[in-house]
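Structure first, then comments.
The values are calculated or read from the model by the stated rules, or taken from the named source; none is laboratory data. If you're wondering where the values come from, they're calculated on a predicted model, not measured in any experiment. Every residue, glycine among them, receives a Cβ derived from its backbone with ideal geometry; neighbour counts consider all protein chains shown.
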Amino acid sequence: MGDQRWDMLRCDSCGRSSGGRSGQRSIACRHCGSSSLTIAESFDNAGQMAQAVSSANLPPEIRKEVEDALSRRPELNPSNGGAIRPNPVRMIQSAAKDDGSIDMELLVREAVKVGVDEDEVKRWIEVSEIEGALIREGPGEYRLL
């Protein structure tokens, strides 16, 4: 099973990309139905193939912008397959207002977007407080030091 290969296929009729297991028979374009497909690239895992298909099907005018955004936020990049966990320090710092106070609602919202639940965010805050990176100013209120 570990030697399974995945192919990104490009439709010769509509130019859209799709993917499937290598050697799969009777494949038709999922977009236009054409059976005229060319193997554009092969991959070792389905996640890599899916990311390549997604990127190939992005409109060219926004492809660079999306790829740049994913490179700046690796925790949002689906090609990482969860291998890269969100950076708590970076997320806490990005939720800090100009005066250093932590916007807890923003922190929780952003954490949930990348698959981190509110309890985990609270643990981040507790550890940061213990380590002296922030101080509690009141119930649910914190400030960066």
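When you scan the stretch 15-59, how many residues do you find that are under 30 Å from residue 94 (Cβ atoms) and out of contact with any strand residue (DSSP E or B) (no Cβ under 7 Å at 6 or more places or on another chain)?
Residues flagged as under 30 Å from residue 94 (Cβ atoms) and out of contact with any strand residue (DSSP E or B) (no Cβ under 7 Å at 6 or more places or on another chain) within the stretch 15-59 amount to 7.
On the basis of being loosely packed, with under 14 Cβ neighbours inside 10 Å and either hydrophobic (A, V, I, L, M, F, W, C) or not in a helix (DSSP H, G or I) (or both), does residue 66 make the cut?
yes
When you go through (1) at pLDDT below 80; (2) closer than 30 Å to residue 125 by Cβ; (3) out of contact with any Gly (no Cβ under 7 Å at 6 or more places or on another chain); (4) not hydroxyl-bearing (Ser, Thr, Tyr) one by one for residue 100, which number turns out not to apply?
Result: residue 100 fails condition (1) only.
Go through the stretch 35-56 and count every residue that is exposed (fewer than 14 other Cβ atoms within 10 Å of the Cβ) and more than 29 Å from residue 68 (Cα to Cα).
Residues that pass the stated criteria total 2.
Within the stretch 43-62, track down each residue that is within 17 Å of residue 10 (Cα to Cα) and part of a helix (DSSP H, G or I).
46, 48, 49, 50, 51, 52, 53, 54, 55, 56, 60
For the stretch 104-113, how many residues meet the condition of being touching a residue at least 24 places away in the same chain (Cβ under 8 Å) and surrounded by 16 or more Cβ atoms within 10 Å (Cβ to Cβ)?
Of the residues in that region, 2 qualify.
Looking for something of a type in the set (D, E, K, R) and at pLDDT below 85 - is there at least one such residue anywhere in the stretch 129-141?
Within the stretch 129-141 (the criterion being of a type in the set (D, E, K, R) and at pLDDT below 85), the answer is no, since none of the residues qualifies.
Every residue in the stretch 94-145 that is part of a loop (DSSP other than H, G, I, E, B) and of a type in the set (Lys, Arg), please.
97
Which residue pairs have Cβ atoms closer than 6 Å, lie 6 or more positions apart in sequence or on different chains, and pair a first residue in the stretch 3-19 that is under 12 Å from residue 38 (Cβ atoms) with a second residue that is of a type in the set (Lys, Arg) and in a loop (DSSP other than H, G, I, E, B)?
So the pair list comes out as 18/30.
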